[in-house]
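This report concerns only the one structure given below.
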Amino acid sequence: MPGRFSYKRSARIQELILEEISKVIQSGLKDPRIGFATVTGVDLTDNLKHAKVYVSVMGSEDEQRNTLKGLSSAAGFIRAQLAKNLYLRYIPELIILQDETPKEVEKISRIIHQIHND
């Protein structure tokens with residue numbers, strides 16, 4: 001059952017990374033471009049070398065874009081904090097992406113509402 005073990009380990013590491021990045025964003029970033037952002041998910045590659053970090057950002061399109069730029073610029077700092085606070089052999093490279101789920105939910109809700117009214 002080696003696959004099962006690695007899945008559990010990967011899921012556990014993803015959760016640790018998500019929690020730690022959330023802490024760093026809430027307390028340790030001074031970049032004025034970064035607005036209100038919430039880490040919604042982390043997807044690790046099988047070899048644990050790269051992590052896609054999904055964030056939900058509140059605000060206008062410009063505020064969202066600036067927050068994502070600020071977080072991407074801070075990826076090295078965030079990674080250093082992960083190395084400092086998590087005892088992992090290798091800290092993955094971070095790829096910051098916007099979580100599109102809220103937009104998709106809104107779009108689906110509008111479609112359902114339109115169908116219901118028709």
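Read-outs: derived from the displayed coordinates by stated rules, not from any lab. As the structure is a prediction and not an experimental result, all values here were calculated from the model. Glycine also receives a Cβ, built like all others from the backbone with ideal geometry; neighbour counts cover every protein chain displayed.
See the values below:
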item	result
Among (1) in a helix (DSSP H, G or I); (2) without any contact (Cβ under 8 Å) to a residue 40 or more places away in the chain; (3) under 14 Å from the mean Cα position of the chain (by Cα), the one test that Asn66 misses	(3)
Selection status of Arg110, among the basic types (Lys, Arg), in a helix (DSSP H, G or I) and in contact with a strand residue (DSSP E or B) (Cβ under 9 Å, 6 or more places away or on another chain)	no
Cross-chain or 6+ apart pairs with Cβ under 7 Å, region 19-45 first and under 15 Å from Pro102 (Cβ atoms) and in contact (Cβ under 8 Å) with a residue 60 or more places away in the chain, then not in a helix (DSSP H, G or I) and not aromatic (Phe, Trp, Tyr)	Thr40/Val55; Thr40/Ser56; Thr40/Asp99
Close pairs from region 71-94: first closer than 12 Å to Val53 by Cα, partner surrounded by 13 or more Cβ atoms within 10 Å (Cβ to Cβ) and small (Gly, Ala, Ser), Cβ under 7 Å, at least 6 apart	Leu71/Ala37; Pro92/Ala51; Leu94/Ala51; Leu94/Ala75
Any hit, region 49-64, residues being touching a Lys or Arg at 6+ places or on another chain (Cβ under 8 Å) and not small (Gly, Ala, Ser)	no
Every residue from region 19-43 that is of a type in the set (Ser, Thr, Tyr) and assigned to a helix (DSSP H, G or I)	Ser22, Ser27
Set Leu48, Leu94, Leu71: member being among the aliphatic types (A, V, I, L, M), surrounded by 18 or more Cβ atoms within 10 Å (Cβ to Cβ) and assigned to a loop (DSSP other than H, G, I, E, B)	Leu48
